[in-house]
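As C-alpha cells, the structure follows; a few thoughts come after it.
The values are calculated or read from the model by the stated rules, or taken from the named source; none is laboratory data. Given the structure is predicted, the values throughout are model-derived calculations rather than measurements. These area figures cover heavy atoms from the full protein model, side chains too; ligands, DNA and RNA do not enter into them. Shrake-Rupley method; radii C 1.70, N 1.55, O 1.52, S 1.80 Å.
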Amino acid sequence: MIIGGFEYDSGTDTYKGGIQGIGADTSFAYLRPELVPSGNAPDYRLEIERYANCPFQIGVAWKCGTIECEPVLGVCIDMPALPQRIYAAVLSKREYKGWFDLIWTRPTPLARSLAEETALALGMAYLNDTFVPHRSRLTQGD
C-alpha cells in the first residue's frame, strides 16, 4: 500500500514529499540525511512538519541496496499515535525519474531485519545486500 510519495533533491540528499493514512497525514515530510553517520546509525531521519519550520521526527531510514540501479530505503516509523512500529520501503517510481513511493505492508513473523522486511514487502529476497526475485516467483508461470 502506498502511504506517501517523495521527490529526491540530489543537491541536499533529501527526499521531500508527503505521507497519508498513518495518523501523520501531511504534505510536508522529509527524509533528511544523518549529519554525522556512525556505526549502526540510520542514514536518514524521517521528519514531518505540521507547522512551518517546526519539524519533528517520526522515523528513520537506512540504505538497503538497489533495484535496477535505483536506491531502496528501509524505513521504520515509530510515533506515540501508532500501536506498533511500521516498516516500509522507499522505492523509485520507474515512470517518473526522481520520484519515489513510500510503500507499507503488514509485518510478517519471518522477517529478521529491516532489509528483509523491505524485501518481503516487495515480494523479493534480500541476499548479500541485493534484492533478488523470490524463489517462488522464479518457479511460477510454467
request  = Might you work out the accessible area of CYS64 for me, using a 1.4 Å probe with all protein chains in place, and round it to the nearest 10 Å²?
outcome  = 10 Å²
request  = Just subtract the alpha-carbon distance of ARG85 and TRP99 from 0.36 nm times their residue separation and send over the number in nm, one decimal.
outcome  = 2.6 nm
ask   = Leaving out ligands, DNA and RNA, what percent of the accessible area of the stretch 16-90 is carbon and sulfur, probe 1.4 Å?
value = 53 percent
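If you roll a 1.4 Å probe over the heavy atoms of the protein chains, what accessible area per residue do you get for the stretch 1-105, in Å²?
Values: 5960 Å² over 105 residues.
Roughly 57 Å² per residue, with all protein chains present.
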